[in-house]
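Remarks on the structure that follows.
The values are calculated or read from the model by the stated rules, or taken from the named source; none is laboratory data. Not measured: the values here are computed from a predicted model. Note that each Cβ is placed from the backbone with ideal geometry, even for glycine, and that neighbours are counted across all protein chains shown. Keep in mind that these areas ignore ligands, DNA and RNA; they rest on the heavy atoms of the full protein, side chains included. Shrake-Rupley method; radii C 1.70, N 1.55, O 1.52, S 1.80 Å.
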Amino acid sequence: MKENGKSIFFTDGAKVKQSSLITQFAERLEFDLVKDRTTVTDHDILEAISMAIRDRLTRNWLKTQSEYNDNNVKKVHYLSLEFLMGSLLGNSLINLGLYEETRQLLAGFGYDLDKIMREEPDMGLGNGGLGRLAACYMDSLATLEYPAYGYGILYEYGIFEQDIENGYQIEKPDHWLRYGNPWKVVRPEFTYTVKFNGTVTTYFDETGRTRYNWVNTDDVLAIANDVPVPGYQTRTVNSLRLWQAKSTDEFNLNNFNQGNYLSAVENKNLSETISKVLYPNDSIPQGKILRLRQQYFFVSATLQDIIYNFKLHNTDFRLLPEKAAIQLNDTHPAIAIPDLMRILMDEEGLEWDEAWDITSKVFAYTNHTIVPEALEEWSESLLHSLLPRHMQIITEINRRFKNEVTEKYSQDSSLISKMAVIKEDSHGNNIRMANLAIIGSHSTNGVAELHSDILKKYIFPDLNNYYPGKFNNKTNGISIRRFLLQANPELSSLITKKIGNDWVTNLAELKKIEQFAEDEKFRQSWRTIKHNNKLRLVDFISRNHNVKINPVSIFDSQVKRFHEYKRQLLNILHVISLYNRIKNTPEDFYVPRTVIFGGKAAPSYFMAKTIIKLINSVAEHVNNDSVIGDKLKILFIKNYGVTLAEKIIPASDLSEQISTAGFEASGTGNMKFALNGAVTIGTLDGANVEIKNEVGDDNIFIFGLTADEIMAARRNGYTPIKHYESNPELRLVIDMLKSDYFNKKEPGIFEPVVNELLYRDYYFVMEDFEAYSVAQKRAELAYLNTEMWTKMSIINSARMEKFSSDRAIKEYSKDIWDISPVKI
Ligand code: NBG
């Protein structure tokens, strides 16, 4: 890249020598970290090699950015309060094709790359599915060479570290930035002021129009921190821009001089709490002011950044929708809609209609859940005090919308108030953020076919009628690079040996391995690899947990956030029934099984935490029962996250996707397991439905009520206790819980679970228990037929084309964002 005939890079200067990877690595150790062979730690090695690898990205990173800007191309901006990036070194090495070189380089100094990589803390800036999806999408956007930016918050403390004490979940702070982070680059030149509170004043401009000023605000600074996101073997390196909060006044000198040392920094601390911690909660809004402050903080900085960039090359705001698409990842950034209206009208002087037209063309919204308590609402009074100008604009959006609906659609006031942005209530009005997001954007999508249908039919039926075509579906996808190439290197090389490596960027290619399902030798290799992955997991488990695992048992995994709708409870009830069977007739043959659980519960979610305790109590008991031996082992792997997923998923045989039908918007774990050759046992929920369509009924174990049946059952009145009465196996299990069988030392702790199951059972655990047991039996029988099981496993991998995040990103780009790839 040249400017006035000269390269733009400093390292292209006449006297500058370009360094090799090894030189850079050694220099980083010595000059940046100031270490020699006697003082160096493994962590230093990680830092130095990460920096040296980041150096390899820099040129392409800079080139990518100037290419986008110089050509004034349309870009997509992915706004998300969560990004679960996991570890970055391994992914960068794979995408840059430097894995082997780096391994050898480190070996030359006596270091093992895998061991060094274990030093890297996960970049855990998210809770679960929505955050990991954002990370997979960033990977695909760069790989497919789309001009894209991720925007989020640089939380100082990411998702908490989960420990288990006496079977209970304990939360510890995840101070992932303690030792700095070699990947992020601070960009103080991109610092924006974010306003809060204050009042709104009006004035008349020169044309006599009423204009608004937001004044006397409390300000916080947002500083950009950029993380490079390299595509897989392309030159594109996109940016993930994470905002860090800084106080506008570091220090109150007056207070300090009077000896009030603490109050001298009080304001600073208060402002900076905004980017301190991620809310460890993905389905129950905390109703906390800080959370709303976080939302507006990152939205405001992001929009200022987008507008700044737009203005570098454009003057006419009517062109904004041709230059920028903004995707709202769930409602968390939905305050961006009134904020863009404010910028366009108050700062740029546009009229309402024009501003509204631009705004709704720029924004699109993805819904990720229908769990009612997760549909965000903020009280009008809170918004009014924190963001007074936004509240005015929301009120006006609402007023105009209701008028329009009345004119064009219906005069039924109860219907209109259901569709409105503001939910009126004598105890105080609430702002429905989802309604705001739908009304203020041009596209609303669900994340799996069933979920999108449910949105249209049950959650927003009137808005769907009112805006024909606005609701659409974009089934989720996962990064093939991270979840097969990186997580399962042995399987990846077997596949590549057979069909070449095009599958890495074109998952349709993977179909070609299906033909080898008939080849006995291939099946043998497939099994050997699964076995090796199991051995690796067993090794990890033996280092971190006190349980001995039988590697030839069926590895049956349920790893995901703990939530009642995901029904980890159903799984453990079934495990107890297996235990009872073995206890009853230990001399019979049983398919040996290792049941693996992993996942975090929101710290305030009592029921979810009780279920973790139940699993650990059952595990403690069963694992130490000599009659059971290695026929059944239960394992709760603590602190589940992206890196652990990369270990557990490739080692698993059976994938538990057993949510109450209608509740799991999509799931992406289900896709990761199937891609790695695990067979699913699951309900017709979320993307399971589509997985079933792809792999066929014979290669998946489906059970339980459908979403429609659940809804009908709820309407008709459901009495869970009838299952207790009619199913002796289930009855025994419940009786054991009642009688404190697994918790002699802490009697009564599972009473809330028993009461929920018998007298309410909102998630239909009792109803589905029998069907689940039968499906589990079918899975066991299938597993006994090794050759047949291996075929099922191969077919599952082979038919995952649809679930690549590359496919999903192409659909978003074409149908929603209207962006095209840019070759760097
Ligand atoms: C989750 C859903 C999952 C879905 C992911 C990604 C949230 C709020 N929702 O089913 O529960 O796969 O989003 O779309 O994280």
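What's the local net charge at Ile289, with K and R +1, D and E -1, over the other residues with C-beta under 15 Å away? Numbers along the way, then the final one.
Numbers: positive: Lys276, Lys288, Arg291, Arg293; negative: Asp218, Glu376, Glu377, Glu380.
So the environment of Ile289 carries a net charge of 0.
Pick out, from Thr786, Val774, Ser813, the residue whose Cα sits farthest towards the positive end of the charge dipole of the range 772-814, with +1 on the Cβ of Lys and Arg and -1 on the Cβ of Asp and Glu.
Of the options given, the answer is Ser813.
Using every alpha carbon pair in the range 653-756, what percent of pairs falls into each 10 Å bin from 0 up to the bin containing the largest distance?
Histogramming the range 653-756 at 10 Å steps yields 13, 31, 29, 24, 2 percent.
Using a 1.4 Å probe on the protein heavy atoms, what percent of the accessible area of the range 120-268 belongs to carbon and sulfur? Present the calculation step by step, with values, prior to reporting the outcome.
Working: 3060 of 6320 Å².
Within the range 120-268, the accessible surface is 48 percent carbon and sulfur.
Starting from 0 in steps of 5 Å, tell me what percent of the Cα-Cα pairs of the range 407-476 lands in each bin.
The calculated distribution, bin by bin, is 3, 16, 24, 25, 17, 9, 5, 1.
What shape does the range 10-69 have by the C-alpha gyration tensor, where a ≥ b ≥ c are the square roots of the eigenvalues, rounded means a/c under 1.5, and otherwise prolate means a/b greater than b/c and oblate the rest?
Working: a/c = 3.60, a/b = 1.82, b/c = 1.98.
It is oblate, given that a/c is not under 1.5 and a/b is not larger than b/c.
What does the accessible area per residue of the range 63-180 come to in Å², with a 1.4 Å probe and no ligands, DNA or RNA counted? It would help to have the intermediate numbers written out before the result.
Details: 3860 Å² over 118 residues.
Using a 1.4 Å probe on heavy atoms only, each residue of the range 63-180 averages 33 Å².
In the chain, what percentage of the DSSP-assigned beta bridges are antiparallel, given to the nearest 5? Please list the in-between numbers first.
On the way: 41 of 86 bridges.
Bridges in the chain are about 50 percent antiparallel.
What ³J(HN,Hα) values, in whole Hz, does the Karplus curve 6.51 cos²θ - 1.76 cosθ + 1.60 give for the range 229-235 when θ = phi - 60°, with x put for Gly and Pro?
Running phi through 6.51 cos²θ - 1.76 cosθ + 1.60 with θ = phi - 60° gives 10, x, x, 6, 6, 10, 8 Hz.
Starting from 0.36 nm per residue, how many nanometres of slack lie between Val215 and Ile289 once their C-alpha separation is accounted for? Walk me through the numbers on the way to the answer.
Numbers: separation 74, 0.36 × 74 = 26.64 nm, distance 2.05 nm.
This chain segment gains 24.6 nm when fully extended.
Which of the aspartates and glutamates could a cross-linker span from Lys6 if the Cα-Cα distance has to be under 18 Å and same-chain partners fewer than 8 positions apart are dropped?
Glu67, Asp70
With the full set of protein chains in place, find how many percent of the accessible area of the range 500-564 is carbon and sulfur; take the probe as 1.4 Å. Intermediate results must be reported in sequence, preceding the final value.
Working: 1480 of 3050 Å².
Taking all protein chains in place, the range 500-564 shows 48 percent carbon and sulfur surface.
Pull up all non-local amide H partners of Gly667: gap of 5 or more, or a different chain, and H-to-H distance under 5 Å with H placed in the peptide plane.
The list, which skips near neighbours in sequence, is Ala687.
Work out, step by step, the length gained on full extension between Lys268 and Asp698: first 0.36 nm times the residue separation, then minus their alpha carbon distance; give nm to one decimal.
Values: separation 430, 0.36 × 430 = 154.80 nm, distance 6.08 nm.
Full-extension gain reported as 148.7 nm.
For the chain, what is the relative contact order in percent, using Cα pairs closer than 8 Å and at least 6 residues apart in sequence? Before the final figure, lay out the partial values.
Details: 1442 pairs, mean separation 108.2, N = 824.
Relative contact order, the chain: 13 percent.
Output the peptides 385-395, 201-211, 168-178 sorted from most to least packed, where packing is the average of other Cβ atoms within 10 Å over each peptide's residues.
On the way: 385-395: 20.4, 201-211: 9.0, 168-178: 15.9.
Ranking, from highest mean packing down: 385-395, 168-178, 201-211.
With 27 Å as the cut-off, how large is the P(r) tail for the range 226-354, expressed as percent of Cα-Cα pairs? Write out the running numbers ahead of the final one.
Numbers: 3309 of 8256 pairs.
Counting every Cα pair in the range 226-354, those more than 27 Å apart make up 40 percent.
Probe of 1.4 angstrom, ligands and nucleic acids ignored: what's the accessible area per residue over the range 740-824, in square angstrom? Please report the intermediate quantities before stating the final value.
Numbers: 3660 Å² over 85 residues.
Result: 43 Å² per residue.
Lysines near Lys323 by alpha-carbon distance under 16 Å, same-chain residues fewer than 8 away left out - which ones?
Within the straight-line limit of under 16 Å, Lys323 reaches these lysines: Lys74, Lys75, Lys311, Lys361, Lys814.
For the range 577-624, what does the alpha-carbon gyration tensor say about shape, rounded, prolate or oblate, given a ≥ b ≥ c as the root eigenvalues, a/c under 1.5 as rounded, and a/b over b/c as prolate? Intermediate results must be reported in sequence, preceding the final value.
Working: a/c = 3.55, a/b = 2.65, b/c = 1.34.
Taking the square roots of the gyration eigenvalues as a ≥ b ≥ c, the range 577-624 is prolate.
Please give the solvent-accessible surface of Arg760 in Å², to the nearest 10, using a probe radius of 1.4 Å with every protein chain present.
Counting only protein heavy atoms, Arg760 exposes about 130 Å² to solvent.
Computed from the mean reciprocal separation of all distinct C-alpha pairs, what Kirkwood hydrodynamic radius does the chain have, in Å?
28.4 Å is the Kirkwood radius here.
Determine the share of the range 703-824's accessible area contributed by carbon and sulfur atoms, expressed in whole percent, with a 1.4 angstrom probe. Mind dumping the intermediate values first?
Working: 3080 of 5640 Å².
It is 55 percent, rounded to a whole number.
Binning every alpha carbon pair distance of the range 96-225 at 10 Å from zero, what are the percents per bin?
Each 10 Å bin holds this share of Cα pairs: 9, 20, 29, 22, 11, 5, 3, 0.
So what are the radius of gyration and Dmax for the Cα set of the range 352-431, in Å?
13.9, 35
Evaluate Rg over Rh across the range 535-601, taking Cα atoms for both radii and Kirkwood's formula for Rh.
On the way: Rg = 13.6 Å, Rh = 13.6 Å.
Looking at the range 535-601, the ratio lands at 1.00.
Report the extension gain between Ser414 and Lys512 in nm, rounded to one decimal, defined as 0.36 nm multiplied by the number of residues separating them, less their alpha carbon distance. Walk me through the numbers on the way to the answer.
Values: separation 98, 0.36 × 98 = 35.28 nm, distance 5.55 nm.
Gain in length upon complete extension: 29.7 nm.
Placing unit charges on C-beta atoms (Lys and Arg positive, Asp and Glu negative, everything else neutral), compute the dipole magnitude of the chain about its Cα centre in debye, rounded to 20. Write out the running numbers ahead of the final one.
Values: 96 positive and 108 negative charges, 235 e Å.
That gives the chain a dipole magnitude of about 1120 debye.
In Å and whole numbers, how far do the C-alpha atoms of the range 528-648 stretch along each principal axis, longest first?
Between the extreme Cα coordinates on each principal axis of the range 528-648 lie 44, 33, 22 Å.
Using the Kirkwood radius built from alpha carbon pairs, what does the Stokes-Einstein equation give as D for the range 377-504 at 37 °C and 0.692 mPa s, in µm² per second?
On the way: Rh = 17.8 Å.
For these conditions, the coefficient is 185 µm²/s.
Quick one: accessible area per residue over the range 630-706, 1.4 Å probe, rounded to a whole number of Å²? All intermediate terms of the calculation are to be shown ahead of the outcome.
Working: 1520 Å² over 77 residues.
About 20 Å² of surface per residue is accessible.
Write down the radius of gyration of the range 149-250 and its Dmax, each obtained from C-alpha positions, in Å.
According to the Cα coordinates of the range 149-250, Rg and Dmax are 20.6, 71 Å.
Compute the Cα gyration tensor for the range 613-688, then decide on rounded, prolate or oblate, letting a ≥ b ≥ c be the square roots of its eigenvalues: rounded whenever a/c is under 1.5, prolate when a/b is larger than b/c in the other cases, and oblate in all that remain.
Values: a/c = 1.99, a/b = 1.68, b/c = 1.18.
Taking the square roots of the gyration eigenvalues as a ≥ b ≥ c, the range 613-688 is prolate.
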